[in-house]
Number of protein chains: 2
Amino acid sequence: MADQTHHRRAGGRDGRRALRAAPMISLPTLVRDIPTYELLPAEAVELIHLESVKMLEEVGCEFRDEQALATWKAAGADVKGSRVHVDRAMLMELVGKIPSEFTLHARNPERTVKVGGKNSVFVPMYGAPYVRDLEDKRRYGSLQDLNNFHKLAYMAPQLHSSSSIICEPMEIPVPKRHLHIIQSALTYSDKPFMGVVTSKERAEDVMKMAGLVFGDDFVKDNPVLVSITNCNSPLVWDQTMLDAMRVYASHNQPLILAPFALCGASTSASAIGAVAQVNAEALVGLAFTQLIRAGSPQLYGQFMVTVDMKTGAPMGGTPEAAQMMFVMGQLARKYKLPWRTSGFHVGSKINDAQAGYESNMLMHAAILSGANYIWHSAGWLEAGLACGYSKFMTDCEQLSGWYKYAGGLKFDDFQDAMDAIREVGPAGHFLGTAHTLEHFEKAFFMPSIMDFNPYEQWSAEGSKTHDERGRDKAKAALAAYELPKMDEGIAQSLAAFVTKRERELPNLLS
Amino acid sequence: MADQTHHRRAGGRDGRRALRAAPMISLPTLVRDIPTYELLPAEAVELIHLESVKMLEEVGCEFRDEQALATWKAAGADVKGSRVHVDRAMLMELVGKIPSEFTLHARNPERTVKVGGKNSVFVPMYGAPYVRDLEDKRRYGSLQDLNNFHKLAYMAPQLHSSSSIICEPMEIPVPKRHLHIIQSALTYSDKPFMGVVTSKERAEDVMKMAGLVFGDDFVKDNPVLVSITNCNSPLVWDQTMLDAMRVYASHNQPLILAPFALCGASTSASAIGAVAQVNAEALVGLAFTQLIRAGSPQLYGQFMVTVDMKTGAPMGGTPEAAQMMFVMGQLARKYKLPWRTSGFHVGSKINDAQAGYESNMLMHAAILSGANYIWHSAGWLEAGLACGYSKFMTDCEQLSGWYKYAGGLKFDDFQDAMDAIREVGPAGHFLGTAHTLEHFEKAFFMPSIMDFNPYEQWSAEGSKTHDERGRDKAKAALAAYELPKMDEGIAQSLAAFVTKRERELPNLLS
């Protein structure tokens, strides 16, 4: 494990002192107090649903795994070769077993969150091979970068998870990487985290490591991590994903069943056609999890971006991405399922105006569509190929704004505010009123990376872009970081497990 | 008038040829085909309304103008000194005379638009003393800059107006500035435009110039320009604004009655309190316009930003700005009034990630709140102190996205899309299907300033930021510009009017 003592560098002392004065806080689960946006009328949502279930009955879905096919057969589905046809009654009966809300436990109970219903949690990005670093250089991710991002995820009050592979620790051999990823997430942060799904064995290692921290008995039944299983659009669930599903669902650990759709390439060039297809893929995956363990918590959802039809490149914050999100939210509510979407998954290579436009386009839709597990809410650049330190910090600040937005408008001081107008009268000013003095600190969103100072002050401070201010903020946060408490015995057993498995596993993929 | 031949510079020939091949197009009025977002329940909207009308009855509003006070008295309002108390019955009767939709005529009938109902029009910014120029330098605006922005407004298919004072031509003496502003708007573009409100005499000059272009008879009754009259919050309408109202409303030219509220300073530190106050200020102004000319078209609306409670600086794309916009939209629908909001009015000094986050925050709310006249939809930086060439172009591209977004999801090819999935089947791909070939060009938003190319290609092209690409686009557009047709006699009479008034008016404010 790289650089456990990185935070003890010179200059960090003042930051640490400030931190001790203000102990690490985390915002509670965001409870939305605003209406969801219903883009389509209920009949149109029903029409999409009917086309999805018809597709699963008529076309069916491939399950490229003997064990899964046997499971489907035993459950009474119509299996022809590797093609599984599930009728709508069976499908909806299985999907109906999934709880509409669940508790996701953190190793520090203060960071435990609720997922589903009116709750939304924000989760950092996942899977970047590259980072855009503290000096604005793009390079491969390392374990030290991953440690850093887990530290930043721990310190950001707005984030409810440490994710896992925020960036890939590229210097570590692939067969051993998962060990260091999970150790880093569990050590540098005390929030809920995410699994690894690239093989059955690795998923089992993840569950063993979770067991060391939470207790084997606890993780048999209580959700502590969330894992992603992607359908191969169109309509294929492959063995790797099904293996991961079996490991995690049998432990009652929630999966995200969200096809990764490049609309126009892996779906038709129709936003609604894409939604109907992705819905079918998600539903049949969700149904399968209930054959593994009935009643296990799962997340419905989507990752849908359009592709540039000239180059095939995935796009980010486009209007269609927002529209499809709204419809997926409507479907999730129809099925009474907790659901996942993504927040800030932009196409821009850097944290510039494009990234800002895209980010807000997507998060705005995520919040208004009532998403519960809002992934990729910090760091994402380049359609997921890079995690940016600056982007991570600027995204987190934006999340504070979304707390305000989704908290809705409060009427509790409305009469006081009206009295303030009477007190002030025409042509008066409000800065000295009792109401203002009482409310000014909390009335409005007050960011610190966003800069609203006059031009002259901003110039005097170096005419910094938002991106530069984000990097400054990341450096300051890392300098102030302190490791969250972990029982020494647990830390040792985790380290011992990593050492043992490192010896057992090969350096090269066979 | 500066640089009428600026577009004939070297290098423009190829651009002009391309333009001749593809004649100047403009998008029709955006007709929204999506639901509005109703943030508050109807009872809460009613409660705000009731507090607003009570405020006008009990506190009243200052009208600092003898003529206006006489008008109110004659109409039966309770006038004490300069304080006008209007009871709710009279108020709502007057407001009820305003048409819910009107036609705004352009000198080229192809650019005439509808305002109100499900229609939205996008209008560039207004009032910047500074520009951020084509070389990314901040400096005072000039007449040549203003000409350029009118050219760009003309060329942008997404914009439905040329605005007027996009930036201030700072080298021209203030008493003569309005002449050159209106001449520039009417010459370099053929879209609807905006008035000048800084004095009665200037407003009269604007109407005379409009008369030269449209015919005096036409502009007596037909809307061709929109003007802004701001209430001095809290609760003061001053003589300058009332003078402008009389000139324009008597010609049936619509006014925007949108208090410019710095929430927390000119209103209480309560988002709902601010809305109730701004609503009262707008309603009493609207009522007054109907005493000038009953049935004249008017725009309800708001410009509300929060202020940084530490420095007093205005902020831009904050969550509260979005929330207040949603409520103003609900009130506008309650009153059945066409209404104005702003789209991209950010606080950021430059076109960076902050500008992007802020811009989308505000435009997203503007579209979902069903605004009809979406002002400040191109160019705005620094809380309105600067107009950026790059920001202008990147905003315009974003507007194309909002057309897609607000156009809603189309079901017309849904069955074809489902057939495409049947044709492709599990594990297939869609790029070669008949459906894809038929739809790929128009299925999804395809921007050109936003960059979704792979990292390697983007690097090879100079690793440009979104801001840099915006500047490139502005340069290319200006090189390709050609003057829209105008009858030579009209152009001469406009020029003669400007010359005559230039001689009559002083160079210094008296």
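Some notes on this structure:
- Of all residue pairs spaced 6 or more apart or on separate chains, those with beta-carbon atoms under 9 Å, a first member in region A:422-451 that is closer than 18 Å to A:S400 by Cβ and touching a residue at least 40 places away in the same chain (Cβ under 8 Å) and a second member that is surrounded by fewer than 21 Cβ atoms within 10 Å (Cβ to Cβ) and of a type in the set (S, T, N, Q) are A:F445/A:S400; A:P447/A:S400.
- Within the option set B:F303, B:F288, B:F326, being over 21 Å from the mean Cα position of the chain (by Cα) and of a type in the set (F, W, Y) holds for one residue only, B:F288.
- Positions within region B:269-281 being facing another protein chain (nearest Cβ under 7 Å) and either polar (S, T, N, Q) or open to solvent by less than 10 Å² (accessible area, probe 1.4 Å) (or both), in sequence order: B:A269, B:S270, B:I272, B:G273, B:A276, B:Q277
- Selection count, region B:36-52, where residues are part of a helix (DSSP H, G or I), within 12 Å of another protein chain (Cβ to nearest Cβ) and open to solvent by less than 40 Å² (accessible area, probe 1.4 Å): 5
So that you can scan it fast, the table gives a plain yes or no per residue for (1) part of a loop (DSSP other than H, G, I, E, B); (2) under 30 Å from A:E488 (Cβ atoms):
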position: A:P124; (1), (2): yes, yes
position: A:R139; (1), (2): no, no
position: A:D145; (1), (2): no, yes
position: A:A153; (1), (2): no, yes
position: A:S164; (1), (2): yes, yes
position: A:E171; (1), (2): yes, yes
position: A:L179; (1), (2): no, yes
position: A:S184; (1), (2): no, yes
position: A:K191; (1), (2): yes, yes
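- Restricted to region A:413-450, and to residues there that are hydroxyl-bearing (S, T, Y) and under 19 Å from B:S233 (Cα atoms), the residue that is nearest to the other protein chains (Cβ to nearest Cβ) is A:T436.
- Within region B:338-389, being hydroxyl-bearing (S, T, Y), within 12 Å of chain A (Cβ to nearest Cβ) and in a helix (DSSP H, G or I) holds for B:Y357, B:S359.
- Selection status of B:V219, touching a residue at least 40 places away in the same chain (Cβ under 8 Å) and of a type in the set (A, V, I, L, M): no
- Spans of helices (runs of 4 or more DSSP H) in region A:414-510 with at least 3 residues surrounded by fewer than 17 Cβ atoms within 10 Å (Cβ to Cβ) and either modelled with pLDDT under 95 or on the phi > 0 side of the Ramachandran plot (or both): A:414-424, A:434-443
- Among the residues here, A:E468 does not qualify as touching a residue at least 60 places away in the same chain (Cβ under 8 Å), touching a Lys or Arg at 6+ places or on another chain (Cβ under 9 Å) and not aliphatic (A, V, I, L, M).
- Any hit, region A:260-268, residues being on the phi < 0 side of the Ramachandran plot, crowded, with 24+ Cβ neighbours inside 10 Å and modelled with pLDDT of 95 or more: no
- Within region A:143-158, residues that are under 15 Å from A:N108 (Cα atoms) and polar (S, T, N, Q) reach no partner that is outside any helix (DSSP H, G or I) and open to solvent by 10 Å² or more (accessible area, probe 1.4 Å) with beta carbons closer than 6 Å at six or more positions or on different chains.
- Filter result for the condition that a residue is aliphatic (A, V, I, L, M), farther than 22 Å from A:A294 by Cα and open to solvent by less than 60 Å² (accessible area, probe 1.4 Å), over A:M90, A:M55: A:M55
- Count of region B:57-108 residues, restricted to those that are β-branched (V, I, T), assigned to a helix (DSSP H, G or I) and closer than 30 Å to B:H160 by Cα, is 1.
- Pair list, Cβ < 6 Å and 6+ apart or interchain, from region A:487-509 residues that are closer than 19 Å to A:M207 by Cα to residues that are open to solvent by 40 Å² or more (accessible area, probe 1.4 Å): A:S493/A:L212; A:L494/A:L212
- Qualifying residue in region B:247-268 (condition: over 27 Å from A:M418 (Cα atoms), more than 14 Å from every other protein chain (Cβ to nearest Cβ) and among the small types (G, A, S)): yes
- Within region B:210-249, the set of residues being out of contact with any helix residue (DSSP H, G or I) (no Cβ under 6 Å at 6 or more places or on another chain), more than 27 Å from B:A313 (Cβ to Cβ) and surrounded by fewer than 24 Cβ atoms within 10 Å (Cβ to Cβ) comprises B:F214, B:G215, B:D216, B:D217, B:F218, B:K220, B:D221, B:N222, B:P223, B:Q239.
- Selection over region B:247-279 of residues that are farther than 21 Å from B:Y126 by Cβ and touching a residue at least 40 places away in the same chain (Cβ under 8 Å) gives a count of 12.
- Residue within region B:122-139 that is among the hydrophobic types (A, V, I, L, M, F, W, C), more than 19 Å from B:S359 (Cα to Cα) and in contact (Cβ under 8 Å) with a residue 24 or more places away in the chain present: yes
- Looking only at residues of region A:127-152 that are out of contact with any Cys (no Cβ under 7 Å at 6 or more places or on another chain), aliphatic (A, V, I, L, M) and closer than 20 Å to A:H466 by Cα, we find that the one that is surrounded by the fewest Cβ atoms within 10 Å (Cβ to Cβ) is A:L134.
- Tally, over region B:197-209, of residues that are crowded, with 22+ Cβ neighbours inside 10 Å and part of a loop (DSSP other than H, G, I, E, B): 1
- A:E62 meets each of the listed conditions (1) within 12 Å of chain B (Cβ to nearest Cβ); (2) in contact with a strand residue (DSSP E or B) (Cβ under 7 Å, 6 or more places away or on another chain); (3) open to solvent by less than 10 Å² (accessible area, probe 1.4 Å) apart from (3).
- Residues that are open to solvent by 10 Å² or more (accessible area, probe 1.4 Å), touching a helix residue (DSSP H, G or I) at 6+ places or on another chain (Cβ under 6 Å) and at the interface with chain B (Cβ under 9 Å from one of its Cβ atoms) are absent from region A:282-304 altogether.
- Residue in region B:309-331 that is surrounded by fewer than 21 Cβ atoms within 10 Å (Cβ to Cβ), without any contact (Cβ under 8 Å) to a residue 24 or more places away in the chain, more than 18 Å from B:L368 (Cα to Cα) and not polar (S, T, N, Q) present: yes
- Qualifying residue in region B:298-306 (condition: assigned to a helix (DSSP H, G or I) and among the polar types (S, T, N, Q)): no
- Selection over region B:390-412 of residues that are outside any loop (DSSP other than H, G, I, E, B), within 12 Å of another protein chain (Cβ to nearest Cβ) and not aliphatic (A, V, I, L, M) gives a count of 12.
- Of note, A:W402 does not satisfy the criterion of being touching a residue at least 12 places away in the same chain (Cβ under 8 Å) and open to solvent by 10 Å² or more (accessible area, probe 1.4 Å).
The values are calculated or read from the model by the stated rules, or taken from the named source; none is laboratory data. None of these values were measured; they are calculated from a predicted model. As a convention, Cβ positions derive from the backbone with ideal geometry for all residues, glycine included, and neighbour counts pool all protein chains shown. Remember, those area values only see protein heavy atoms, side chains included, never the ligands or the DNA or RNA. Shrake-Rupley method; radii C 1.70, N 1.55, O 1.52, S 1.80 Å.
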